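Asks: Please read through the structure below; I'll follow up with questions.
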Amino acid sequence: MCLYVPFSISAQLKSVTTDAYLDELTRVEWEIFSTSDESVIARLLLTKSSIHGSGGDYEQALATLDRINSYALDDSSQWEVMEERISLLYLNGEFEQAKNAILEASVLGYPQNDDLRLIEVLNYISLMDLDQAGSLYEKLNPGGDVSEVFRAKKFRKPTRAFNLSLLLPGSGQMYSGHVLRGVTSLGIQAFLFTYGIRGIQGRYFFTEALPSVALFQGFYFGGAEFARELTEKRNRKIVNELSNQVLRSF
Amino acid sequence: MKRSSLLLILSFGCFPSICQIAFDKNYEFLEHLSAIGAYKEGVHFINKNASSYQVPGQSDTLNYLKGVFLYRLKSSKESIGSLSEVGNTNKTFMAHATFLSAFQYAYLGDHQSAESSLATTNFERDLNRELRLHLLAGISLLKRDITQFDSYSTQFSRQYFQIAPFQDQFIQNKEGLLKAKRKSPLVAGVLSGVVPGAGKFYVGKVGEGYVTLLLSAILGLQVREAYKKDGPSSFRFKLFTGLFSTLYVANIWGSVLSVKIYKDDFNETFDQAILLNMHVPIRTIFD
């Protein structure tokens, strides 16, 4: 699959020196400089973009693709450029742009091959749209090992975790799957609340009630923010696990 | 035999011009790399090919381009190293290399080297002489040497549109430096000792001053409450007195430190403004 190619070259490149990498880039740029044939230049730029991509410099790879004059290429080469751009956008973490580029490719009638569908599945996983990712995966690999996993895994909403924590302290952490942290948060805030009430009853306004209120407020809003972060972290973990499982299933 | 000798003579005769053609093409390629912003590739290409070009004019060009590429890559020390190798075979390259070196020395805080690199170069063009004067004035401001700045600024001709606006900026920078209020750490500390937070107000950190004042007031009220309700020998009184005392001392120390931070911030802001006013004319003239 095409997605393995950058990964494998990237691994190889770690073992070679930066000199060899720059040698290759400079050699290709020299060839670009030495020719005036637009179609040759476009092909060479595609090669140079791949070198940047294999070196993990996706931004530079995308910038190199932007230098290509698409009109100088035939249909199949234009498709190659489009496919390379989609891969790079995904690898660079620009998932919305990758999704739009895939839609654009589909509207323009470019042939949909398995490589592109695989990137599309991975991109939808990164966008946390498991329904789309699951149905595309099913088409790509009917009855594959991962189909069940798509149904089993569920993303949690970070905003919901935040709101739950505001409603009942600790519940946001529990929602994100961290029960012990939720119970601890609830316990601390319950203690501070009780201590504050006790302070008011005993007329210790400044030495008991006020510090309790200040600490309670810190734990209340801090806990809600923490619940949001825990949920985001959990979602990222699911994205990584699912992406690896999908890649391994091919 | 005669024919081979003739060929040998001809080929030796043509060799320098063939070399020049190859060099010209390499130079055009380096310009192409510069145009697309591939500075790392440019430096790499020069490093690989520098040994092939030992003729002074060619090596000067390569050192100049390498210095410019490294400057664009923000590798100031390496850039200065290459630019210092540029000889005077090409007056424009030489002038640009000198100004870039001086600017980068100033940026790195080595004012003496910046001045000496400008002082040791002779410039033929009036524009370059004016730019040198401009940069020397800028370096004087960076050194906070107002007398030296005045000696340079009185020589400003103000006839070059690329430099004149920035010379006016320098005059404003100088006035700003002269008007800047001196803040004393001692005064800040004493003020904070009298009224918590007053030292912060003195250095202009109004928000921090209010927060310190509010915190001190709350802790003071806590101490008062603990004293009234539990007495002076109670744990509560000792705890809050300890907290109040710690905050009180920390606040005095914080106010003294904030004067240093204020000075550092002020100097950094001014240095950035001066460096910008030095940098823009170099780019306007040579880019």
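Asks: Averaged across A:195-206, how many Cβ atoms of other chains sit within 10 Å of each residue's Cβ atom?
Replies: 2
Asks: What Kirkwood hydrodynamic radius, in Å, does segment A:105-250 give when the mean of 1/r is taken over all pairs of distinct Cα atoms and then inverted?
Replies: Averaging 1/r across every pair of different Cα atoms and inverting gives 18.0 Å.
Asks: Average projected area of the Cα convex hull of the protein assembly as shown, in nm²?
Replies: Orientation-averaged projected area of the Cα hull: 40.2 nm².
Asks: When the distances between all Cα atoms of segment B:121-179 are binned every 5 Å from zero, what whole-number percent does each bin get?
Replies: 4, 20, 32, 24, 14, 5, 1, 0
Asks: Then there is this: Please list, short to long, the whole-number percent of alpha-carbon pairs of segment A:54-146 in consecutive 10 angstrom bins beginning at zero.
Replies: Result returned by the calculation: 16, 46, 30, 8, 0.
Asks: Which order do B:Phe244, A:Phe193 fall in if you start with the one that has the fewest other Cβ atoms within 10 Å?
Replies: Taking fewest neighbouring Cβ atoms as first place, the list is A:Phe193, B:Phe244.
Asks: In µm²/s, what is D for segment B:208-287 at 4 °C and 1.567 mPa s, where D = kT/(6 pi eta Rh) by Stokes-Einstein and Rh is the Kirkwood radius from Cα pairs?
Replies: Once the numbers are plugged in, D ends up at 80 µm²/s.
Asks: Note down the nm distance, to one decimal, between modelled labels 7 Å out along Cα→Cβ at B:Ala119 and at A:Arg117.
Replies: It works out to 7.6 nm between the two label points.
Asks: Working from the alpha-carbon coordinates of segment A:177-250, get Rg over Rh, Rh being the Kirkwood radius.
Replies: 1.33
Asks: What does the average come to when, for each residue of peptide A:20-26, you count the partner chain Cβ atoms lying within 10 Å of its Cβ?
Replies: That average works out to 4.
Asks: Within a Cβ distance under 13 Å of B:Leu73, other residues only, what is the Lys/Arg minus Asp/Glu net charge?
Replies: Net of charged neighbours comes to +3.
Asks: Turning to a different aspect of this structure: Explain nothing, just compute: Karplus ³J(HN,Hα) = 6.51 cos²θ - 1.76 cosθ + 1.60, θ = phi - 60°, for every residue of segment B:51-64 in order, whole Hz, x for Gly and Pro.
Replies: Along segment B:51-64, the couplings run 5, 7, 10, 9, 5, x, x, 6, 5, 4, 4, 5, 5, 5 Hz.
Asks: Compute the semi-axes of the equivalent ellipsoid of chain B, taking the square root of 5 times each eigenvalue of the Cα gyration tensor, and list them largest first in whole Å.
Replies: Largest first, chain B gives 63, 24, 13 Å.
Asks: Counting other beta carbons within 10 Å of each residue's own, what order do A:Tyr137, A:Tyr204 fall into, fewest first?
Replies: Lowest count first: A:Tyr204, A:Tyr137.
Asks: Picking from B:Thr147, B:Ile261, B:Asn122, whose Cα lies most toward the positive end of the charge dipole for chain B (charges on Cβ: Lys, Arg +1; Asp, Glu -1)?
Replies: It is B:Ile261.
Asks: Compute for segment A:50-96: radius of gyration divided by Kirkwood radius, i.e. Rg/Rh, restricted to C-alpha atoms, rounded to two decimals. It would help to have the intermediate numbers written out before the result.
Replies: On the way: Rg = 10.6 Å, Rh = 10.9 Å.
Here Rg/Rh amounts to 0.98.
Asks: Just need log10 I(q)/I(0) for segment A:24-67 at q = 0.26, 0.30, 0.33 Å⁻¹, Debye formula, equal scatterers on the alpha-carbon atoms, no solvent, rounded to two decimals.
Replies: Taken in order of the listed q values, log10 I(q)/I(0) reads -0.85, -1.05, -1.17.
Asks: Sorted from fewest to most neighbouring beta carbons within 10 Å, what does the list B:Lys205, B:Lys200 look like?
Replies: With the fewest neighbours first, B:Lys205, B:Lys200 line up as B:Lys205, B:Lys200.
Asks: Treat each spin label as a single point 7 Å out from the Cα along the C-beta direction, and report the A:Ser36 to A:Gln132 distance in nm.
Replies: The two pseudo-label positions are separated by 4.6 nm.
Asks: Hey, quick one: spin label on B:Thr92, modelled 7 Å out along Cα-Cβ, who in segment B:268-286 has an amide N within reach, i.e. under 11 Å?
Replies: B:286, by backbone N distance to the label point.
Asks: Something else now. What pairs in B:Lys200/B:Lys263; B:Lys77/B:Lys143; B:Lys74/B:Lys263; B:Lys174/B:Lys263; B:Lys25/B:Lys74; A:Lys48/B:Lys48 have C-alpha atoms more than 18 Å from each other? Write out the running numbers ahead of the final one.
Replies: Details: B:Lys200/B:Lys263 13 Å; B:Lys77/B:Lys143 20 Å; B:Lys74/B:Lys263 27 Å; B:Lys174/B:Lys263 16 Å; B:Lys25/B:Lys74 27 Å; A:Lys48/B:Lys48 20 Å.
In this structure, B:Lys77/B:Lys143; B:Lys74/B:Lys263; B:Lys25/B:Lys74; A:Lys48/B:Lys48 lie more than 18 Å apart at Cα.
Asks: In addition: Restricting things to alpha carbons, tell me how big segment B:97-199 is in terms of Rg and Dmax, in Å.
Replies: 18.3, 63
Asks: Next up: For Cα pairs less than 8 Å apart in space and 6+ apart in sequence, what is the mean separation divided by the residue count of chain A, i.e. the relative contact order in percent?
Replies: Computed value for chain A: 14 percent relative contact order.
Asks: Could you give the dipole magnitude of the protein assembly as shown about its Cα centre, charging the beta-carbon of Lys and Arg +1 and that of Asp and Glu -1, in debye to the nearest 20? Could you put the intermediate results ahead of the total?
Replies: Working: 55 positive and 55 negative charges, 591 e Å.
My answer is approximately 2840 debye.
Asks: Next up: In debye, nearest 20: dipole of segment A:52-174 around its Cα centre with unit charges on the Cβ of K, R (+) and D, E (-)?
Replies: Dipole magnitude for segment A:52-174 comes out near 900 debye.
Asks: To one decimal place, what orientation-averaged projected area in nm² is obtained for the convex hull of the Cα set of segment B:75-120?
Replies: Over every viewing direction, the Cα hull of segment B:75-120 projects on average to 2.8 nm².
Asks: A follow-up question, please. Over the Cα atoms of chain A, Rg to Rh with Kirkwood Rh, two decimal places?
Replies: Rounded to two decimals, Rg/Rh equals 1.19.
Asks: Helix B:2-35 versus the longest principal axis of chain B: what is the Cα-based angle in degrees, 0 to 90, to the nearest 10?
Replies: 30
Asks: Can you give the direction-averaged projected area of the convex hull of the alpha-carbon atoms in segment B:142-287, in nm²?
Replies: That works out to 11.6 nm².
Asks: For B:Lys238, which aspartates and glutamates qualify as cross-link partners when the Cα separation must be under 17 Å and same-chain residues fewer than eight apart are set aside?
Replies: A:Glu208, B:Glu225, B:Asp230
Asks: So how strong a dipole does chain B carry about its Cα centre when Lys and Arg Cβ are +1 and Asp and Glu Cβ are -1, to the nearest 20 debye? Each step should come with its number before you reach the end.
Replies: Details: 31 positive and 24 negative charges, 181 e Å.
Computed about the Cα centre, the dipole is about 860 debye.
Coordinate-derived values only; no laboratory data. Keep in mind that this is a model prediction, so the values were computed, not measured. All Cβ positions, even for glycine, are placed from backbone atoms using ideal geometry, and neighbour counts span all protein chains on display.
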